[in-house]
Amino acid sequence: MAQSTNERKHQVIIDMNDFLLEYAAKKLGNKDNLAEIVFEAGKDDLKGLDDLFKDQGEGRLKSYQAVGEGAISDEPSVTDQETAETRSEALTKEAMAYLGKHLQEFDSWKNN
C-alpha cells in the first residue's frame, strides 16, 4: 500500500530529526535533554546549530538538510534545483518546529 504524501513527509521529518539528534549525541554526548538543547540552538535560525556543534555547518547540512533534500529530490513534481532548494528549506524549518513540539518524545526515543 502506497504512503500518502503527508505520511511520507511526516516520516521524512522524523528521519531528519533522528539523524540530527544522532549527530548531536556524537558531538555533545547523549544528554537527557538533548532534543531541547538542539531545538533551542536551531529554532530561530538553523545556523545556530553550527555554533552549538562548532562544526562550520557540517551537522546542519549533512545530517539534517541533506536528508530532506534527498526526499524532496525523489518527488516527481520536483524538476529543478531551485525548486528542490526552496522546498528543502521549508521542510527543514518545518522539521525543526516539529522537534520543538515533540521534545520529550525525541528525548525518550534517544534514551532507550
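The values are calculated or read from the model by the stated rules, or taken from the named source; none is laboratory data. These numbers come from a predicted model, not from an experiment. Ligands, DNA and RNA are stripped out before the accessible areas are found, and what is left, the full protein with its side chains, is counted by its heavy atoms. Shrake-Rupley method; radii C 1.70, N 1.55, O 1.52, S 1.80 Å.
Database remark: amide H of residue 102 closer than 5 angstrom to no amide H (H placed geometrically; neighbours at sequence offset of 5 or more, or on other chains; Pro and chain starts carry no H). Rolling a 1.4 angstrom probe over the protein chains, ignoring ligands and nucleic acids, what is the accessible area of residue 23 in square angstrom, nearest 10? For residue 23, the solvent-accessible surface is approximately 30 Å².
Seen from a random direction on average, the alpha-carbon convex hull of the chain projects onto 7.3 square nanometres.
Ordered by 1.4 Å accessible area with all protein chains kept, 75, 94, 85 run largest first as 85, 94, 75.
Counting only DSSP H runs of at least 4 residues, each contributing -39500 (n - 2.57), and dividing by the residue count of the chain, the helix-based mean residue ellipticity at 222 nm comes to -21500 deg cm²/dmol. Scalar couplings 3J(HN,Hα) for region 43-59, obtained by applying the Karplus form with A = 6.51, B = -1.76, C = 1.60 to θ = phi - 60°, are 5, 8, 7, 4, 5, x, 5, 4, 5, 4, 8, 6, 10, 6, x, 4, x Hz; x denotes Gly and Pro.
Averaging the sequence gap over all C-alpha pairs within less than 8 Å and six or more residues apart, then dividing by the number of residues, gives the chain a relative contact order of 35 percent. What the phi angles of region 68-77 give under the Karplus curve with 6.51, -1.76 and 1.60, with θ = phi - 60°, is a coupling list of x, 4, x, 5, 5, 5, 7, 6, x, 6 Hz, glycine and proline written as x.
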